[in-house]
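**Q** Below: one structure in structure tokens.
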């Protein structure tokens, strides 16, 4: 959360593997990718850079963290309202896959 709230893209991306994949309904809206999934840290980084530019007031407030096996779910409040993201981790403890969910 601190990395995201800093808006420092390099700091944000430091938590993710090079092969990182992101799925989000916002991907469809922001970059027009109909599958809602981007593959590779470079593609996701470009999407996040665009999102940070479009929403300069972007800020997340953590509500709770749910712990799984090699994964976590962050439930938070963002500019779109309530949201949850599921993060899967690789052996290097970097995020390999993430799924974003938003309240309607």
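**Q** Filter the range 6-40 for residues that are in a helix (DSSP H, G or I), over 12 Å from the mean Cα position of the chain (by Cα) and under 21 Å from residue 101 (Cβ atoms) and give the result. Before the answer, list the steps.
**A** Let us first name the residues in the range 6-40 that are in a helix (DSSP H, G or I), namely 6, 9-13, 25-31.
Add one more test, that the residue is over 12 Å from the mean Cα position of the chain (by Cα), and what stays is 6, 10-11, 28-31.
Those that are in a helix (DSSP H, G or I), over 12 Å from the mean Cα position of the chain (by Cα) and under 21 Å from residue 101 (Cβ atoms): 28, 29, 30, 31.
**Q** In addition: Just to be sure, is residue 43 free of Cβ contacts under 8 Å to residues at least 24 places away in the same chain, surrounded by 14 or more Cβ atoms within 10 Å (Cβ to Cβ) and assigned to a helix (DSSP H, G or I)?
**A** Working: free of Cβ contacts under 8 Å to residues at least 24 places away in the same chain: yes; surrounded by 14 or more Cβ atoms within 10 Å (Cβ to Cβ): yes; assigned to a helix (DSSP H, G or I): yes.
When the stated conditions are applied, residue 43 passes them.
**Q** Okay, moving on. Give the number of residues within the range 29-40 that are at pLDDT 95 or above and surrounded by 13 or more Cβ atoms within 10 Å (Cβ to Cβ). Lay out the reasoning, then the answer.
**A** First pass over the range 29-40, keeping only residues at pLDDT 95 or above: 33-40.
With the extra rule that they be surrounded by 13 or more Cβ atoms within 10 Å (Cβ to Cβ), the set shrinks to 33, 36-40.
The total comes to 6.
**Q** Output the residues belonging to the range 57-97 that are assigned to a loop (DSSP other than H, G, I, E, B) and either closer than 20 Å to residue 26 by Cβ or within 14 Å of the chain's Cα centre (by Cα) (or both).
**A** Result: 57, 58, 59, 60, 79, 80, 94.
**Q** On to the next question. Hey, can you tell me all the residues within the range 6-26 that are out of contact with any strand residue (DSSP E or B) (no Cβ under 6 Å at 6 or more places or on another chain), surrounded by 13 or more Cβ atoms within 10 Å (Cβ to Cβ) and farther than 18 Å from residue 93 by Cβ?
**A** 7, 8, 9, 26, listed by residue number.
**Q** Also, I was wondering about something else. Just one of 52, 58 is over 17 Å from residue 101 (Cα atoms), surrounded by 12 or more Cβ atoms within 10 Å (Cβ to Cβ) and at pLDDT below 95; which is it? Walk me through it before giving the result.
**A** Working: 58 fails: over 17 Å from residue 101 (Cα atoms).
That would be 52, the only listed residue that is over 17 Å from residue 101 (Cα atoms), surrounded by 12 or more Cβ atoms within 10 Å (Cβ to Cβ) and at pLDDT below 95.
The values are calculated or read from the model by the stated rules, or taken from the named source; none is laboratory data. Quantities reported herein were computed from a predicted structural model and do not represent experimental measurements. A quick note on method: Cβ atoms are made from the backbone with ideal geometry, for glycine too, and the neighbour counts reach across all protein chains shown.
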